[in-house]
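Working notes, structure below.
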Ligand code: PGA
């Protein structure tokens, strides 16, 4: 197996305010500065990107955005363009999170457009894929994941995955406290890698595929030891510095 550097990203979603994120970030920074194997990235709410970018400058922690518009500019009230993210040294952008897909109507096609825009601009996408509980119970997991991946591969090309990270996030595990078992997650991660390998084995081998969905300090270890799980996308537990740091430490 190729030696892929583990990747752990904090997805703060729409949580916190300046009074809470300043000490949270300071504690995470202090912990990460003592040395981590994993590449660590923080994805704050947009409005704090400017402040967090300044605080992460000259540190080993990277900055990510939680979303981006698939338009370049213009009359799109409330949206943020990729060029704006470039102003703040944003390294990564989460694309196609299930909350975006389900609550804000993002289709596979829109997700693919966003993915391409991020790659073309030189930023790196964290592409989220995952099935709902109904789909899993109807035995449609692989079909759903394949469709989500293939739309992006067809639109952006397999080579565009060279700098991407994929996050497998079963919708039924997000924020529910119900984590996929290491075997359940590994099975889908292996499927994703194989799907990419049909187009390009080298890209598939180097691609980091991380797991997201109720990752906690006490289950990260067993998830991250699986062969095709290269780290995590962490929601709730990334809002508590101590928990997030133990998860980062488990990614070796
Ligand atoms: P969770 O969220 O860790 O709170 O389940 C993960 C995510 O949605 O990225």
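None of the figures in this text is laboratory data; all of them are computed from the coordinates on show. On a predicted model such as this, the values are computed, not experimentally measured, just so you know. Glycine also receives a Cβ, built like all others from the backbone with ideal geometry; neighbour counts cover every protein chain displayed.
Using the count of nearby Cβ atoms within 10 Å as a rough guide to exposure, how do 12, 172 rank from fewest to most?
172, 12
Between residue 222 and residue 176, what is the spin-label point distance in nm, taking each point 7 Å from the Cα along the Cα→C-beta axis?
1.8 nm
Any chance you could check the Cα centroid distance between the stretch 89-138 and the stretch 174-252 for me, in angstrom?
16 Å
Could you tell me the extents of the stretch 8-70's C-alpha atoms along the three principal axes, largest first, rounded to whole Å?
Over the stretch 8-70, Cα extents along the principal axes are 35, 28, 18 Å.
What length, rounded to one decimal in nm, is gained on full extension from residue 54 through to residue 146, with 0.36 nm per residue of separation minus their alpha-carbon distance?
Full extension of this stretch gives 29.3 nm more.
Jot down the radius of gyration and Dmax of the stretch 125-209, Cα atoms only, both in angstrom.
12.6, 35
For the stretch 104-252, what is the per residue volume of the convex hull drawn over the alpha-carbon atoms, in cubic angstrom?
Convex hull volume per residue, Cα atoms: 117 Å³.
Between Rg and the Kirkwood Rh of the stretch 1-110, both from Cα atoms, what is the Rg to Rh ratio?
0.99
Just want the ordering: 113, 242, 79, from fewest to most Cβ atoms lying within 10 Å of their own Cβ.
Least crowded to most crowded, the residues run 242, 79, 113.
Does anything in the stretch 160-181 have its amide N under 15 Å from the 7 Å Cα→Cβ label point of residue 120, and if so which residues?
From the stretch 160-181, the list is 160.
Relative contact order of the stretch 134-219: what whole-number percent is it, with Cα pairs under 8 angstrom and at least 6 residues apart?
39 percent
Relative contact order of the stretch 64-147: what whole-number percent is it, with Cα pairs under 8 angstrom and at least 6 residues apart?
Relative contact order of the stretch 64-147: 29 percent.
Give the relative contact order (percent, whole number) for the chain; include only Cα pairs under 8 Å separated by 6+ residues.
Over the chain, the number comes to 23 percent.
Which percent of Cα-Cα pairs in the stretch 182-252 sits in each 10 Å bin, short to long?
Bins of 10 Å from zero give 22, 48, 24, 7, 0 percent of pairs.
So what is log10(I(q)/I(0)) for the stretch 96-171 at q = 0.17, 0.18, 0.20 1/Å, when the Debye sum runs over its Cα atoms only?
Result of the Debye calculation: -0.60, -0.67, -0.82.
Would you mind listing how long the chain runs along its three principal axes, going by Cα atoms, in whole Å with the largest first?
Computed over the Cα atoms, the extents are 45, 45, 34 Å.
To the nearest 0.05, how large is the calculated FRET efficiency for residue 103 and residue 134 if R₀ is 22 Å and r is the Cβ-Cβ distance?
Once rounded, the FRET efficiency stands at 0.85.
Treat the count of other C-beta atoms within 10 Å as a stand-in for reagent exposure and order 56, 206 from fewest to most.
Lowest count first: 206, 56.
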